[in-house]
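Inspection log for the structure reproduced underneath, given as structure tokens.
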Amino acid sequence: MERNGFLSLSGVASRYGSTQVLTDIDLSIAKGEFVALLGSSGCGKTTLLRLLAGFISPSAGEVVVRQRDVTRLPPDKRGMALVFQSYALWPHMTVAQNIGYGLKLKGIAKAEIASRVSAMQQMLGLQGLEARKPANLSGGQRQRVALGRALAVDPEILLLDEPLSNLDARIRLSVRHELRALQKRLGITAIHVTHDREEAMVMADRIVILDAGRIAQQGSPEEVYNQPASAFVAAFMGAENVLSMNGQPDGDAFMLQAGPANKATAVPFAGRKLSAGAVEARFRPEAAQLFATEEFLPRRPGVAFGGEVLAVTYPGGHWRHVVRLGDREIMADAPQAFSPGMQVVVHVPAESLFLFNSPAS
Amino acid sequence: MTVVASKSSMANAWAALWWLPRGIVFGLMAFFIFGPLFNMLLWTVAEKWYFPYTFPLQYGFSSWEKVFAPRGGALESLSNSLIVALLTVVVSLLLAIPAGYALARLKLPFRSLILLAFLIPQAFPNLTVYVNIARIFYEIGLNGTIPGVVLVHVSHGLVYAVWIATAAFSAIDIELEQAARNIGAGAMRTFMDVTLPLAAPGLMASAIFVFLESLDEFTGSYFVGAPDVNMLPLLLYTSAAGGNYQIASITALLLLVPSLVFMLMVERFLKADVLSRVGH
């Protein structure tokens, strides 16, 4: 995909009072791309979206659409339609008036508006609701009216501010796919703000992870999931198990020293950038494999940790164990249950073990 | 067993008598509210009524004829009062809509001080304020004119208009306006299509308050308006002072009816979300 050309942000920063909300955001988005801005609350993702929509002016940097600087344009001149988290439907207008308002502003004839509104209703499954007021709609219907209102003006760029967060968990799953399919069909460029990792993974072509107002990493869902660039990204993408280790480079591998729970093991670099010293090792509960100590074959590639099962639960599909490794407790999944008190080996394949130099050392 | 039974029957007896104090309290309240009103209604149709008789000796509508006769002055006062009240509403809203919107939306320094400033005309004794206004108006030729009276009433009613309009605008979610801007509406278009319709019930309520305030405002009307511009409260005052209770009661009734009607309307228009923001 051609990255330069459609929507690009360079050096964008935003300050609220004395708080720096966004710092040095460089982002280039291709036409038709679906980008998810992912981060925990307060990371600046909603600020970034509002900055794109024109409700906030950046304190530095510029926003360019099709080589045109839009940084100082008012919201109504930007051609970006925003779907609000609260939907922000106008309570004094009917569904048809809400969807058709943008067309009315463009001075389109009444008959034309009516036919385009009913086509939009058809597409979003809102037939027969044109005369209803927003107060008389369900959450899912409101969400679709808000989407219809944004899509009716045929925007170049669709901005989505956690539009699924107010929906029932069950509806949300199907709406994810509907929204993604619709975006692909219309070939519209979409920027989706969410704090839901799975939602971002399922919907987006590219995920941009924000941490404290900076881009922590951006890439395809597989990239950010399998090759996290920092301990923060690894933790945010679900690698919550953390162990402190020491090691040093040794040829094309990184030599992990023996610790309270493991023997010295070499891990191939495979793109990792590590220097000698303390490292933070992270892995996902589902990436670990559990073996009873006497059944473990030590020749498997990867790192093996010896420990004791403390607790076991069944969240569905697999058994989740709390295992003590030295002075740390971690979680590990297994297809069968190991009872508390058992001595086990937690084996983490080399490609699933994320290593980062500890910032302190 | 019997002790318990007699105790509970005692309690029952007390409960049965509970209506008595309740009835007395409600009866007294009704008497103090409706008694004077009923007395006023009687006076409007009394031809002859003097001490020691409890009720009028003779009923009739001759006072109504007198009031509504071309030379009775009541029709003139009524139309003056209505014209002034309507103009006061128009001027107050023209000032209160932009002021209220600015106070609700912009980050103004000293916002609460500005809100408080509208209360100043109410903070000092009316007489002192209006005597001085009358003196100034006399110098610039506004005394004894309808615009003069309207200005006095506006200064008095603006606190209701601005406070309620501010509350009405701040009760509107700013995202509703942003949604309109986002879809391509300019600032003015957004205000006309989204903000104003949503604020309309609150603005309507503030208009009614101003209207009622203007209708029974006395001091300012007296010093600035009289004797060239006569208003209903003035007529009420002169006829009551002259012992003409029939005319005074009919005037009072004319003032009371719109108040009652509009109070019922205000109750419908002023929603809790607006009411809770008044003065904030």
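The values are calculated or read from the model by the stated rules, or taken from the named source; none is laboratory data. Remember, it's a predicted structure, so these values are computed and weren't measured experimentally. FYI the Cβ positions are ideal-geometry reconstructions off the backbone, even for glycines, and counts take in every protein chain you see.
Any residue at all in region A:10-30 that is out of contact with any Asp or Glu (no Cβ under 6 Å at 6 or more places or on another chain), within 14 Å of another protein chain (Cβ to nearest Cβ) and under 23 Å from B:ARG181 (Cα atoms)? Yes, region A:10-30 contains at least one residue that is out of contact with any Asp or Glu (no Cβ under 6 Å at 6 or more places or on another chain), within 14 Å of another protein chain (Cβ to nearest Cβ) and under 23 Å from B:ARG181 (Cα atoms).
Only one of the listed residues (B:GLY148, B:GLY100) is within 26 Å of B:MET192 (Cβ to Cβ), in a helix (DSSP H, G or I), more than 19 Å from the chain's Cα centre (by Cα) and modelled with pLDDT of 85 or more. That residue is B:GLY100. Within region A:204-233, residues that are within 20 Å of A:PHE34 (Cα to Cα) have Cβ atoms under 7 Å from residues that are crowded, with 22+ Cβ neighbours inside 10 Å and among the charged types (D, E, K, R) in these pairs: A:LEU210/A:LYS45, counting only partners at least 6 apart in sequence or on another chain.
Considering region B:139-171, the residues that are over 23 Å from B:ASP193 (Cβ atoms) and in contact with a Phe, Trp or Tyr (Cβ under 6 Å, 6 or more places away or on another chain) include one that is surrounded by the fewest Cβ atoms within 10 Å (Cβ to Cβ), namely B:ASN143.
Name the single residue, out of those in region A:20-69 being at positive phi and of a type in the set (D, E, K, R), that is farthest from the chain's Cα centre (by Cα). The qualifying residue farthest from the chain's Cα centre (by Cα) is A:ARG66. Once region A:134-161 is narrowed to residues that are among the charged types (D, E, K, R) and touching a helix residue (DSSP H, G or I) at 6+ places or on another chain (Cβ under 8 Å), the residue that is surrounded by the fewest Cβ atoms within 10 Å (Cβ to Cβ) is A:ARG142. Among the candidates A:ALA281, A:ALA253, the residue that is over 15 Å from A:VAL345 (Cβ atoms), surrounded by 15 or more Cβ atoms within 10 Å (Cβ to Cβ), in contact with a Pro (Cβ under 6 Å, 6 or more places away or on another chain) and outside the structural domain of A:ILE215 (by TED's automatic domain parsing) is uniquely A:ALA253.
Restricting attention to region B:1-46, report how many residues are β-branched (Val, Ile, Thr), modelled with pLDDT of 80 or more and in a helix (DSSP H, G or I). Working first, answer last.
Residues of region B:1-46 β-branched (Val, Ile, Thr): B:2-4, B:24-25, B:33, B:44-45.
Subset that is modelled with pLDDT of 80 or more: B:24-25, B:33, B:44-45.
Now restrict to residues that are in a helix (DSSP H, G or I): B:24-25, B:33, B:44.
Residues meeting the conditions: 4.
When each of B:ALA180, B:ALA241 is tested for being within 14 Å of another protein chain (Cβ to nearest Cβ), more than 20 Å from the chain's Cα centre (by Cα) and free of Cβ contacts under 8 Å to residues at least 60 places away in the same chain, the lone residue that passes is B:ALA180. Of all the residues in region A:17-34, those that are out of contact with any Leu (no Cβ under 8 Å at 6 or more places or on another chain), part of a strand (DSSP E or B) and under 30 Å from A:LEU182 (Cβ atoms) number 1.
For region A:271-304, the set of residues classified as in a strand (DSSP E or B), under 31 Å from the mean Cα position of the chain (by Cα) and not small (Gly, Ala, Ser) consists of A:VAL279, A:GLU280, A:ARG282, A:PHE283, A:GLN289, A:LEU290, A:VAL303, listed by residue number.
Just so you know, in region A:76-90 the residues that are assigned to a loop (DSSP other than H, G, I, E, B) and more than 7 Å from chain B (Cβ to nearest Cβ) include one that is surrounded by the fewest Cβ atoms within 10 Å (Cβ to Cβ), and it is A:GLY79. Just one of the listed residues (B:ALA241, B:ALA248, B:ALA226) is farther than 26 Å from B:ILE136 by Cβ and surrounded by fewer than 22 Cβ atoms within 10 Å (Cβ to Cβ), and it is B:ALA241.
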